[in-house]
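Only one structure is covered here, and it is reproduced in the block below.
The values are calculated or read from the model by the stated rules, or taken from the named source; none is laboratory data. In this text, all values refer to a predicted model and were calculated from it rather than measured experimentally. A quick note on method: Cβ atoms are made from the backbone with ideal geometry, for glycine too, and the neighbour counts reach across all protein chains shown. Ligands, DNA and RNA are excluded from the accessible area calculation, which covers all protein heavy atoms including side chains. Shrake-Rupley method; radii C 1.70, N 1.55, O 1.52, S 1.80 Å.
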Amino acid sequence: MTSSTSARPPGRPRTGVNAMVFAATLSTIRKMGYARATVERIAVAAGVAKSTIYRRWPSKGELIVDCLLDEFGPAPLEGADRAELLTSTVRWIAAKIGEPGVGDAFAGVFSDAVSDPDLREILATRLQDPYRIALQDALGEPENRVLFFIDVVVGVLLHRMGMTGEPMADADVDALVAMVLAHFEKE
């Protein structure tokens, strides 16, 4: 006699756990701030055990990096020419950093990385490098120039978010685009 029930491993189904944890992470950061958004609080908000999070992400920093990667997705490198590509990239980064909880998470994990070399390595290899490489390929620019672009754009946007608690206004994003375009037209 065969059973009509499907064979499933014991325990709760895990479909969607990452999505639930990522949503809870950004929500918790938005409500409580980065420092107070502990793994325990994120687990409660996600409706999962703290051990579920730690099995996937050994540290809060690694959770935040994966959350940001999920939130950002691949860079939409679009544009008919170099100026359009740079413009659309700056606007995309500005829009992403302006999303609720994202700027806070980004700034918080950067702040933690100042005194944590392991987290700096994770940020560089898992978060920055995929975007840097894609931009290098799309722009035909060397690594140091693309890193400068990333430093200027992300740095300015996070600084504004940190100083005002608000994303950069459209007029200021326009000014940032103009500055970036002027620099990259040189040489």
Projecting each Cα onto the charge dipole of the chain (Lys/Arg +1, Asp/Glu -1 at the beta carbon, about the Cα centre), which of 125, 64, 152 comes out farthest on the positive side?
64
Within a Cβ distance under 14 Å of residue 66, other residues only, what is the Lys/Arg minus Asp/Glu net charge?
+1
Å² of accessible area per residue within the chain, as computed with a 1.4 Å probe and no ligands counted:
56
Would you tally the net charge around residue 101, using a Cβ to Cβ cut-off of less than 9 Å, leaving residue 101 out, and scoring K and R as +1, D and E as -1?
-1
The chain - mean residue ellipticity at 222 nm from DSSP helices (-39,500 (n - 2.57) per run, n ≥ 4, rounded to 500):
-21500 deg cm²/dmol
Only Cα pairs under 8 Å and at least 6 apart count here; give the relative contact order of the chain as a rounded whole percent.
21
Report the GluC sites (Glu not before Pro) located in the range 64-167 that are in a DSSP loop and have at most 14 other Cβ atoms inside 10 Å of their Cβ, or state none.
78
Hey, any idea what the orientation-averaged projected area of the convex hull of the range 88-187's Cα atoms comes to, in nm²?
6.5
By what distance, in whole Å, do the Cα atoms of the chain stretch along each of the three principal axes, largest value first?
74, 41, 31
Among 142, 19, 100 the positive-end extreme of the charge dipole of the chain (Cβ point charges):
19
Within the chain, longest stretch free of exposed trypsin sites (Lys or Arg not before Pro) [DSSP loop, at most 12 other beta carbons within 10 Å]
37-185
Can you tell which of 24, 169, 105 shows the greatest fluctuation in a Gaussian network model of the chain with Cα springs below 10 Å?
169
Using a simple charge model, +1 on the beta-carbon of Lys and Arg, -1 on the beta-carbon of Asp and Glu, nothing else, what dipole does the chain show about its Cα centre, in debye to the nearest 20?
1220
Let me spell out the model: positive unit charges on the Cβ of Lys and Arg, negative unit charges on the Cβ of Asp and Glu, origin at the Cα centre of the range 15-109. What dipole size does that give, in debye rounded to 20?
480
Give me the percent of accessible area attributable to carbon and sulfur for the chain, probe 1.4 angstrom.
56
Gain in length, residue 50 to residue 116, computed as 0.36 nm per residue apart minus the alpha-carbon separation, to one decimal in nm?
21.5 nm
Between residue 174 and residue 144, what is 0.36 nm times their sequence separation minus the Cα-Cα distance? Round to one decimal in nm.
8.4 nm
